[in-house]
């Protein structure tokens, strides 16, 4: 089936032409002015054999489509994070430790928040009777 240069959805439907092309393709590159899930869902079954897909879209869409795209990106980021955690477990552990150590603790002096990192430095370091806070002020623990 030959594909005409211009498809206006009167004599021939765009979805039929795209589906025909996708059946014999391993990559798909689309540039569209408007993007809606309803149109994408119409070609989705034919995308199973596509190894690479690129989509350049204009800024015209609807709220549902934008929310679905955002959710898709969030899921991709979660997948990337899980793959990275499996590939580099020590790096992820180190990042989690840095996050954990930077969380403020409840301080006996509310004006001077203390983080776990400060407490760790105190235990690992001089073990003096003063602990510096996040603001550079030292606290005496009465040792």
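The values are calculated or read from the model by the stated rules, or taken from the named source; none is laboratory data. Fair warning: this is a prediction, and the values are worked out from it, not measured in the lab. Here the Cβ positions follow ideal geometry from the backbone for every residue, glycine too, while neighbour counts run over all protein chains shown.
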* Asked: What residue, of 95, 86, 68, is part of a helix (DSSP H, G or I), touching a residue at least 24 places away in the same chain (Cβ under 8 Å) and out of contact with any strand residue (DSSP E or B) (no Cβ under 6 Å at 6 or more places or on another chain)?
  -> 68
* **The listed residue being surrounded by 14 or more Cβ atoms within 10 Å (Cβ to Cβ) and in contact with a strand residue (DSSP E or B) (Cβ under 9 Å, 6 or more places away or on another chain), out of 17, 61** => 61
* Asked: Just one of 9, 59 is in a loop (DSSP other than H, G, I, E, B) and either at pLDDT below 85 or under 30 Å from the mean Cα position of the chain (by Cα) (or both); which is it?
  -> 9
